[in-house]
Amino acid sequence: MQLNEGYQLQSGKYRILRVLGQGGFGITYLALNVMLDKKVAIKEFFPKDFCGRDNTSHLTLGTQNNAETVLKLKHRFLKEAKNIDTLDHPGIVKIYDIFEENGTAYYVMDYIDGENLNEIVKRNGPLAEATAVKYINQVGNALDYIHSRNMTHFDVKPANIVVRRSDDQPILIDFGLSKQFDIHGDATSTLMHGISHGYSPIELYNAGSIASFSPQTDVYSLGATLYFLIVGAVPPDASSVLNNPSVLQGHLSEDIENVVCMAMHPISSQRISSVRILLQGLNSEKECDNHLDSDEDTVLLQDLCHTVNGHEAADLGLSVLWATADIGAFKEGEPGEMFVWGDNDGTKTLKIRSSWVSRWFKSGPGLNNIAGNPLYDTAAKMWGGGWRMPTVNEVKELFNNAEWLCFGDQVRIFGPSGRGILLDFKKHWTAESPNGRLVTYNWMISQDELGVNLIGTNKDWADCYCAIRPVIDRKYIK
């Protein structure tokens, strides 16, 4: 059914050398650009379930219904090829030519001398985690690039990622199922329906279910690809994940497993929302050294880190910048000091009783006004330079406008800018004080009720020690 070796296209401009691969909608050939004496890859539109080929190499159609279907699909194939031709990224295959011939359509691409990740793992076995994460970072950057242009790939899997032999660069190929959306998120073309078991999320099993821009589909597939690279086996299919999400557990290290499980959540609205966030989760411990491509410019994460009065501030893209560590900690992830609410110098102790708290909240500055008040604001007194404790509204903003990803006893919070901060929930524990009352060690902010229960609504709150995570207003950032 494929073109024979030596067959010429475009009046001899291209000569077919051999078949590289074949799928449900097309055949990819290795060919020679005769004038340039350069090897290229040529994708031929060939929906094998709807057509055949005669002895002149032209497509043949069995019925009128087939003819109408194939015509629609061919128009879509050409439109998507033109969209892909606009892409320019080192991790995405480049298209050089598009034409019609033999009653069908073709596009000409770079020939990548290498091996796809599916073949590499099958030949060599599972990859080391560091190697797998390196490839996922590079492919993720390419996906983030196409998502910034309102395009989704819909068929991310190891077989569609070719690692170039000369520089070990993974290249994303086969955009046959990709889909373009307009600025409102509405589809500008129909989707060629295709499923890759183990890599396609459950929503792709329902033809026509993707009506608006949804990068979460590619997030699922990228997470599944990471699973395959490290485990060496195709992930459970989407229905198995839907019925029992724990089927993904027990095969990966804890940090990687957490990212994979969140990327492959069966419900798209509860999945990691973007490739950028997925990559941040994989690289959280070195995020100030990484970068992601965004639109025409490169956003460097170190540009989102600032130092004020010796303390690092992370620009999450919110109204204020958040400290990367608690008061008393030398760096992110280390334990800091604990304070009673309203203690500006660490001298108040558990001897303070609930009666004091009650009087303080009746006559004191209240919940919001403590921020920046040197009489009660721990951060303002101890760090200075504009640092202060966050207001309740700023805590609410962190909850409502950032993404919270739990990694065992830690949570990584990613803001709209892509930058993240780390909270360590191992600090959350209770113990019995010498007087027999329970003492809670916690943050001033908490995921429970936006932290309000830690700011005075609990009558026994005087026996609560809190870690403090300061914020700073943008006017102090130079």
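Just one of the listed residues (His147, His153) is crowded, with 24+ Cβ neighbours inside 10 Å and not acidic (Asp, Glu), namely His153. Among residues that are out of contact with any Leu (no Cβ under 6 Å at 6 or more places or on another chain) and at pLDDT 90 or above, Ser200 is included. The number of residues in segment 215-254 being out of contact with any Pro (no Cβ under 8 Å at 6 or more places or on another chain), touching a residue at least 40 places away in the same chain (Cβ under 8 Å) and part of a helix (DSSP H, G or I) comes to 6. All conditions but one from (1) within 22 Å of the chain's Cα centre (by Cα); (2) modelled with pLDDT of 95 or more; (3) part of a loop (DSSP other than H, G, I, E, B); (4) not aliphatic (A, V, I, L, M) apply to Arg149; the one that does not is (2).
Among residues belonging to segment 255-284 that are over 19 Å from Pro158 (Cα atoms), not in a helix (DSSP H, G or I) and not polar (S, T, N, Q), point out the one that is nearest to the chain's Cα centre (by Cα). Full working, then the answer.
First pass over segment 255-284, keeping only residues over 19 Å from Pro158 (Cα atoms): 255, 258, 262, 265-274, 276-277, 280-281, 283-284.
If we keep only those that are not in a helix (DSSP H, G or I) too, we end up with 265-267, 271-274, 283.
In the following step, the residues that additionally are not polar (S, T, N, Q) were identified as 265-267, 271-272.
Values: His265: 13, Pro266: 15, Ile267: 15, Arg271: 10, Ile272: 6 Å.
Among residues in segment 255-284 that are over 19 Å from Pro158 (Cα atoms), not in a helix (DSSP H, G or I) and not polar (S, T, N, Q), the one nearest to the chain's Cα centre (by Cα) is Ile272.
Of the residues Asn124, Asn160, which single one is closer than 23 Å to Val259 by Cα and among the polar types (S, T, N, Q)?
Details: Asn124 fails: closer than 23 Å to Val259 by Cα.
Answer to the check: Asn160.
Kindly evaluate Ile136 against the criterion of being free of Cβ contacts under 8 Å to residues at least 60 places away in the same chain, in a helix (DSSP H, G or I), within 21 Å of the chain's Cα centre (by Cα) and crowded, with 19+ Cβ neighbours inside 10 Å. It would help to see each step written out before you state the result.
Values: free of Cβ contacts under 8 Å to residues at least 60 places away in the same chain: no; in a helix (DSSP H, G or I): yes; within 21 Å of the chain's Cα centre (by Cα): yes; crowded, with 19+ Cβ neighbours inside 10 Å: yes.
In short, no.
Among the criteria (1) at pLDDT 85 or above; (2) surrounded by fewer than 22 Cβ atoms within 10 Å (Cβ to Cβ), the one Asn290 does not fulfil is (1).
The values are calculated or read from the model by the stated rules, or taken from the named source; none is laboratory data. On a predicted model such as this, the values are computed, not experimentally measured, just so you know. Virtual Cβ from ideal backbone geometry, glycine too; neighbours counted across all protein chains shown.
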